[in-house]
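Scroll down for the structure; my scribbles are underneath it.
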Amino acid sequence: MGGRFLEALLFAVSSLVLYSFGAGRVLFLVPLQVIAVRRGPAGIAAAGAIAVLGLVGIRLAAMLPAPFAGGALLVAGAEVAAFLLLAAGLAAVSPAWGHARGLVRLLASSTAVCLLGAPLVAALAASTEVRTIVDGVFTETAAMLRTVFATGDSVAGTVLDTLLVPATLQAVVREYLLHSFVPAVFGFLAFSWWAGSAALRRAAPVSSTGPTAGAWRFASFRLEAWWLWPLIVSLALVLAVALLADAAAAPAWLPIASYAAWNAALVMLFLFGLQGLAILRFLLEKRGIARFIWPLVVAAVAAALATPRLNLAAAVVLPLFGASENWVRYRRNGPAPA
């Protein structure tokens, strides 16, 4: 019993250490996934609870001697709640909760995390103190961007002054986040689930009473044919919302429908994009050149998505390539869907 508590404590501390650093926050759920694979739901529940309690202690200590000043308590409470929601969302992906495919569990868990987190976001948005903090951040960001993109061209300067107004910048970021919140959470949970499982597989074998991580290859990732229907429906909803937005009298519920349609469509495009990459990986493995070419392929896709003139093409062409496997058998004699 003492050994298991010490193990949970070590993984919880690892999670908190990663969370304490800016870049490390991308990985803070990975230690929790490792113990989830080693010890099952009980392991991640114990480590997650210790990590949450540790975060509470750290934030309370940082707020002393005036914990109620400037909305600090609300911000700290929201941070702890978000940490707890993400840890619980990762725990819900465990095979112990059902025999559904891992991808389905990830989608269900991500959606639940977003729905449960919505009241938290609303509470933060309604707080005067939090709005003041956010306004200050965007004011500083706009000033920094003006300095970075400063130019002697008067026309370009006028355009920048129009775009880099703090209120405009804040509105753009808010709309972007609302339209892509679910895929962002899904991507984060999926990465944490994969990275934690892969890290344990590569480590030396250890004795475990919980479930073990089975072998998995990215080249085996394949969506069943019925996944085409969510893709088609979500894209059709995006088109319908866009047409209604151009109408003279747009309905009051249109913004909510727009958020739901875009979140669903982006998740589906992401999944079929992964299938497109999996096809490329399979073809490279089949020819025995994946080890050398695959990093270049990933880098090229990442660069295309980050380039303004290429990101739309990459976001459309790659998912369409993945979806085309329903008609073109790229992976003959390949692995079953993973």
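The simple spin-label model puts a point 7 Å past each Cα toward its Cβ; for Ile256 and Val121 those points are separated by 1.4 nm.
Just want the ordering: Met63, Met144, from fewest to most Cβ atoms lying within 10 Å of their own Cβ. Walk me through the numbers before you get to the answer.
Numbers: Met63 16, Met144 11.
Sorted ascending by nearby Cβ count, the order is Met144, Met63.
Net charge dipole, the stretch 218-338: roughly 620 debye, given to the nearest 20, about the Cα centre with Cβ charges of +1 for Lys and Arg and -1 for Asp and Glu. Put a dot 7 Å past the Cα of Glu129, heading toward its Cβ, do the same for Ala240, and the two dots end up 4.4 nm apart. Start at zero, step by 10 Å, and the Cα-Cα distances of the stretch 218-338 spread as 13, 36, 31, 14, 6, 1 percent across the bins. For a paramagnetic label modelled on Ala23 (point 7 Å from Cα along Cα→Cβ), amide N atoms under 16 Å away are absent within the stretch 163-194.
Every number in this text was worked out from the coordinates using simple rules, so none of it is lab data. Just so it is clear, the structure is predicted and the values come from calculations on it, not from any experiment. Here the Cβ is made from the backbone with ideal geometry for all residues, glycine too, and neighbour counts use every protein chain on show.
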